[in-house]
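J.: This structure is in structure tokens; I'll ask about it shortly.
No lab work stands behind these numbers, since they all come straight from the coordinates. Please read all numbers here as calculations on a predicted model, not as lab measurements. Positions of Cβ are generated from backbone atoms using ideal geometry, with glycine treated the same way; all protein chains shown enter the neighbour counts.
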């Protein structure tokens, strides 16, 4: 398989390069007034002071997030350029660098950047918070809890609390997590923070197998503050429950990231709406563009596996991506994806291997229950 | 740090963590496209070339403040037309082409707008003359301060040969385009797994991997091979193995392995070409049961059940498990037959490797007095237990 992937990863970009370059639609507008492109807000990087660079980088990161356009992560990197990968960079800038790397799924690099920064300045709450996220993502829950503890020591009690609750919820302490998240949400006055806590609660309830409670929490979170990530998670719940119409409602107005498009296509397909093929075509085009760029396909393996599984009904083709993805990230959704691709592709031994790998992380999730040893309720 | 500052900071940050983890937002980062084509059949002698460069308007805007002249962040066709000369000057300064070391003066002109997956692009084009047999080079520096992850995707034909490569303004800004047309830089389309033979090779790999990592198939093979005695003269205490005479020699081994091969080839071909389908829900536990049954028959032989026939019949079931690999690989038509052949050969090769390993082990262990009791019977009991465990596990899943 590894050899096959290597072969494919050499061959696909070349093929894609040829195809992607043949593809673009050409046009010349008829009227001077025709709007050809909508541009993002102007963000200038003034003279290179660390404060100005941090501010500009933060705005680019936010823009990358709201538009789902990763080119702005490159601009954030440009803003941070004088300090990028420098051992003496101010710790705050190093944390921003780690955030950019994390957003590009370069989790190993992000971790190294953070580790160095936190050695220099151990009281950096946001650094430890990102570290905890990375550890959770890799299924290292002990390390995540330690990072959460460091967030508390740095004086950010609310974030430390949420960090711990989320980590413990991943390990199956669902009731404690529910009480904790509810208490934190009650204490918080800021709507976006409350929305964030409710989305964590929603995910925790979903892992606990309490779908109705999860649904209510997602809805409450999105009412307080619309958020792309929460919308995606909620859409996944609705798709899992075969409610494509509601999933489409939730995703309406979201920036057209690959993740959003895949879910929209899946929902349209579930409804028997032929437009799903148009959306699927666009997704394929984007993958071809990524290949042409020569990007490591492992970084986008989650989307590729999902597209193969949901849109092409090809668990055989989904498996190499799902397997590469689970090496990169180990969130419940990634496990689900890997198990589903292996199981429906008839890969018994791979399912067995995944099963024992899952057991070593200690993750508990009702969606994965069929692949986990029976638990006490 | 003052506490309130920490809080404000964390708020901004939490929003980031909140949004940036979890589902990927792939899209793609900033790319520009460069296409080099030879103008006409005589190009190789006249050196008449044409270059095209496509740039995302969002990227041009980041480099040229004047593009969005009215600053309303909506780019109209009029604004683009007005800015075109300045865009051409900017491109000339950042895209250096040299012919035999001499800088070329290139007259970039607007060609068209393009719609790509990440937005609208402007395409400039220019004629170019460079007949020097060696030495058309490109040095690309556009956007290097705007975005260190920017890439230039080049393709085209040089000397009638297609080439494709990627430049990065910071890490790899320059390339000799004549070299790019040569074999080591060129990556012609024949390497794609689109030809029959490439498909065969690809699936050979897949098949070999499938058998060698699929420990249930190997366990089944082992269960079949355990009672076979390859070197009767080495048996320490002849007569201990019941029916050993019937199961002696390489012919028996060959028949058994071939039986398994024929069995799984038949169902694999049927599932791939004939469209029979099997749900892994029952195939997977059934495969575990075939191992259990074979192990049990080693322990309690039934006279009229022959190992090779058993291998054939149970092979049919194992083939169903392979079939999803083929049907879902997304190949079709004539390539499917190539893929099927490759996969089967791969499975065969993997199987033979496993059998060879077993022969060696068998040769070493056979003279042992307790060979039959420990290896054959003990091994069969162990396989039986393992297979029943797998069956239960797979039924529960």
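J.: Checking the a/c ratio against 1.5 first, then a/b against b/c, what shape does the Cα gyration tensor give for chain A?
T.: Because its axes are fairly even, with a/c under 1.5, chain A counts as rounded.
J.: Still on this structure: Could you work out, residue by residue across A:289-298, how many beta carbons of other chains sit within 10 Å of that residue's beta carbon, and then give the average as an integer?
T.: So the per-residue partner count for this stretch is 4.
J.: So if I take the alpha carbon set of segment B:31-181, get Rg, then get Rh from the Kirkwood formula, what is the Rg over Rh ratio?
T.: 0.98
J.: How big is the antiparallel share of DSSP beta bridges in the protein assembly as shown, given as a percent to the nearest 5?
T.: Looking only at bridges with both residues in the protein assembly as shown, the antiparallel portion is about 85 percent.
J.: Can you give the alpha-carbon Rg of segment A:205-245 over 2.2 N^0.38 Å, where N counts its residues?
T.: Ratio of Cα Rg to 2.2 N^0.38 Å: 1.08.
J.: Decide, for segment A:189-265, between rounded, prolate and oblate: order the square roots of the alpha carbon gyration tensor eigenvalues as a ≥ b ≥ c, take rounded if a/c falls under 1.5, and otherwise choose prolate if a/b is larger than b/c, else oblate.
T.: Because a/c hits 1.5 or more and a/b fails to exceed b/c, segment A:189-265 counts as oblate.
J.: Any idea what the relative contact order of segment B:31-181 is, in percent, if you count C-alpha pairs under 8 Å spaced at least 6 apart?
T.: Worked out over segment B:31-181, it gives 28 percent.
J.: How many partner chain Cβ atoms sit within 10 Å of a residue's Cβ in peptide A:300-313, on average, as a whole number?
T.: Other-chain Cβ atoms within 10 Å of each residue's Cβ, averaged: 2.
J.: Then there is this: So for B:152, B:297, fewest C-beta neighbours within 10 Å to most, what's the order?
T.: Exposure proxy ranking, most exposed first: B:297, B:152.
J.: Could you put B:291, B:317 in order, starting from the residue whose Cβ has the fewest other Cβ atoms within 10 Å?
T.: B:317, B:291
J.: Here's something else I'd like to know. Taking a virtual spin label 7 Å from the Cα of residue A:48 along the C-beta vector, which residues in segment B:122-153 bring their backbone nitrogen under 17 Å of it?
T.: Output list for this probe position: B:143-149.
J.: Which of the peptides A:278-288, A:331-341 is most tightly packed, and how do the rest follow, going by the mean number of other Cβ atoms within 10 Å of each residue?
T.: A:331-341, A:278-288
J.: What value, in deg cm²/dmol to 500, does the helix sum -39500 (n - 2.57) over DSSP H runs of n ≥ 4 give at 222 nm once divided by the residues of the protein assembly as shown?
T.: Helix-only estimate at 222 nm: -19000 deg cm²/dmol.
J.: Please list log₁₀ I(q)/I(0) at q = 0.23, 0.24, 0.25 Å⁻¹ for segment A:105-203, using the Debye equation with identical point scatterers on the alpha-carbon positions.
T.: Taking Cα atoms of segment A:105-203 as identical point scatterers yields -1.19, -1.25, -1.30.
J.: State the extension gain, in nm to one decimal, for the chain segment bounded by residue A:85 and residue A:149, taking 0.36 nm per residue of separation less the distance between their alpha-carbons.
T.: 20.4 nm
J.: Now for a separate question. Quick one: if the Förster radius is 35 Å, what FRET efficiency do residue A:249 and residue A:33 give, using the C-beta to C-beta distance and rounding to 0.05?
T.: For residue A:249 and residue A:33, the calculated efficiency is 0.55.
J.: Tell me whether segment A:270-377 comes out rounded, prolate or oblate; compute the Cα gyration tensor, take square roots of the eigenvalues as a ≥ b ≥ c, and use a/c under 1.5 as the rounded threshold.
T.: Prolate, since a/c reaches 1.5 and a/b exceeds b/c.
J.: Another question, if that's okay. Across every pair of different alpha-carbon atoms, what Kirkwood hydrodynamic radius in Å does the protein assembly as shown reach?
T.: Hydrodynamic radius (Kirkwood, Cα pairs) of the protein assembly as shown is 29.4 Å.
J.: Peptides A:356-366, B:357-367, A:95-105, A:289-299: what's the order by average Cβ count within 10 Å, highest mean first?
T.: Answer by packing, highest mean first, reads A:95-105, A:289-299, A:356-366, B:357-367.
J.: Residues of segment A:326-360 with amide nitrogen under 18 Å from the 7 Å Cα-to-Cβ point of residue A:142?
T.: Counting backbone N atoms under 18 Å from the label point, the list is A:357-360.
J.: Then there is this: Summarise the partner chain shielding of A:128-136 as one whole number: the mean count of Cβ atoms from other chains within 10 Å of each residue's Cβ.
T.: Mean partner shielding for this stretch: 2.
J.: Based on the Cβ-Cβ distance of residue B:385 and residue B:302, what FRET efficiency does E = 1/(1 + (r/R0)^6) give at R0 = 25 Å, to the nearest 0.05?
T.: With a Förster radius of 25 Å, E is 0.75.
J.: Just order A:54-60, A:245-251 by mean Cβ neighbour count inside 10 Å, highest at the front, would you?
T.: Going from most to least packed, we get A:54-60, A:245-251.
J.: Between residue B:141 and residue A:120, with labels modelled 7 Å along Cα→Cβ, what's the label distance in nm to one decimal, could you check?
T.: 2.9 nm
J.: Something else now. Once R0 is set to 56 Å, what does the formula 1/(1 + (r/R0)^6) return for the Cβ-Cβ distance between residue B:364 and residue B:392, expressed as a FRET efficiency to the nearest 0.05?
T.: 0.95
J.: Let me ask something else about it. How large is the Rg to Rh ratio of segment B:82-159 when both quantities use alpha carbon positions and Rh follows Kirkwood?
T.: 0.97
J.: Express in nm, to one decimal, how much length is gained between residue B:266 and residue B:104 on full extension, taking 0.36 nm for each residue of separation and deducting their alpha carbon distance.
T.: 51.9 nm
J.: Can I ask one more? Modelled label-to-label distance, residue B:168 and residue A:356, 7 Å Cα→beta-carbon offset: nm?
T.: 3.8 nm
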